1. From B:Leu82, B:Leu50, which residue is surrounded by fewer than 20 Cβ atoms within 10 Å (Cβ to Cβ) and touching a residue at least 24 places away in the same chain (Cβ under 8 Å)?
2. Could you look through the stretch B:8-29, keep only residues that are surrounded by 14 or more Cβ atoms within 10 Å (Cβ to Cβ) and more than 7 Å from chain A (Cβ to nearest Cβ), and pick out the one that is nearest to B:Ala70 (Cα to Cα)?
3. Any residue at all in the stretch B:15-28 that's touching a Pro at 6+ places or on another chain (Cβ under 7 Å) and under 20 Å from A:Pro118 (Cα atoms)?
4. Looking at A:Pro119 and the list (1) outside any loop (DSSP other than H, G, I, E, B); (2) touching a strand residue (DSSP E or B) at 6+ places or on another chain (Cβ under 6 Å); (3) at the interface with chain B (Cβ under 9 Å from one of its Cβ atoms), which single condition is not satisfied?
5. Just the residues that are touching a helix residue (DSSP H, G or I) at 6+ places or on another chain (Cβ under 6 Å) and within 18 Å of A:Gly70 (Cβ to Cβ), please, taken from the stretch A:143-166.
6. Please enumerate the residues belonging to the stretch A:24-38 that are surrounded by fewer than 17 Cβ atoms within 10 Å (Cβ to Cβ) and more than 14 Å from the chain's Cα centre (by Cα).
7. Mind listing just one residue for me: the one in the stretch A:122-165 that is among the charged types (D, E, K, R) and not in a helix (DSSP H, G or I) and, of those, farthest from B:Tyr69 (Cα to Cα)?
8. In the stretch A:101-114, which residues are within 11 Å of another protein chain (Cβ to nearest Cβ) and closer than 24 Å to A:Met84 by Cβ?
Amino acid sequence: MPTASSVERRSETHLETYLRPTLFIPELKSKKKSSVLEEMVAHLAQHQIARQADALLEVLRQREALGSTGIGKGIAVPHARSTMVTERAVLLARSSKGVEFDAADESPVHLIFMIVAPPVERDPIYLQMLAQIVRAVRLAPARRRILEAPDFAAIRTLIGTQLSDE
Amino acid sequence: MNSQLLALVALQDLDLMIREAKDPEQATQEEELGFPLSGVEKLERTRERLAKQIDERLLQLYERMSRRYARVVVPVEGRVCLGCFMGLPTAAKRNADSRTVENCENCGRILYRI
């Protein structure tokens, strides 16, 4: 278990660098996969991450057609690279009631990390962020704490601590 | 952005997704993280349908340039082509016609304005 000072000293992971308070939806309004994707893309467009929301939404839908990004245990990581994205970004959203997301284990999804990036071939940071999300939420206590965290700052700290513990 | 450009952008994004899903190294990495990539054929059918919506000459131009560049359709920001990062002439033609597109005079990439 790292001490508080060691957590402060260590360098941030790519995932933490991209977690921003403006890119956080504490409680999703939508209950279904298609409308959740819409709600999240609209949030990205509102923050100038998506140039054209409809076009980015279509890319994310195509990515879901390739294979569901609902990886089980209440987690989904929809991700895509698109010409319609201005910069690499991670949008985190929570749903206390859960969303049907065609997840691998068929269970409802409560935490959604949407990763978008411009279409750069073989973008190592993009893949590292995917891996870091999977690591950060691998354990049940970590998932529970993120779901119960009072605010974004607490979530960010939890994720940082979780990644530094590994 | 005109409808032909939008369709081209969608095609380019789809092509990247298909290329990555077929790339053994990239596909293995994603699958090991728990993301299945079993729907490549579905994406290829979608690509075929989308390509049919694009003007034949424009599609041929895109396909030809795809052999040279990973990104054929690129944005223009502040009169700079974000494909080759060269400046565009001030009087560069904006495409009002839905069947024509603007190309970078330096690299030839298809441009869209933000």
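1. From the options B:Leu82, B:Leu50, the qualifying one is B:Leu50.
2. B:Asp15
3. Yes, the stretch B:15-28 has at least one match.
4. The single condition A:Pro119 does not satisfy is (1).
5. Result: A:Ile146, single match.
6. Across the stretch A:24-38, the qualifying residues are A:Lys29, A:Ser30, A:Lys31, A:Lys32, A:Ser34, A:Ser35.
7. The residue in question is A:Asp151.
8. A:Asp102
Read-outs: derived from the displayed coordinates by stated rules, not from any lab. The structure presented is a predicted model; accordingly, all values stated were derived computationally and were not measured. Using ideal geometry, Cβ is built from the backbone for each residue, glycine included, and neighbour counts are taken over all protein chains shown.
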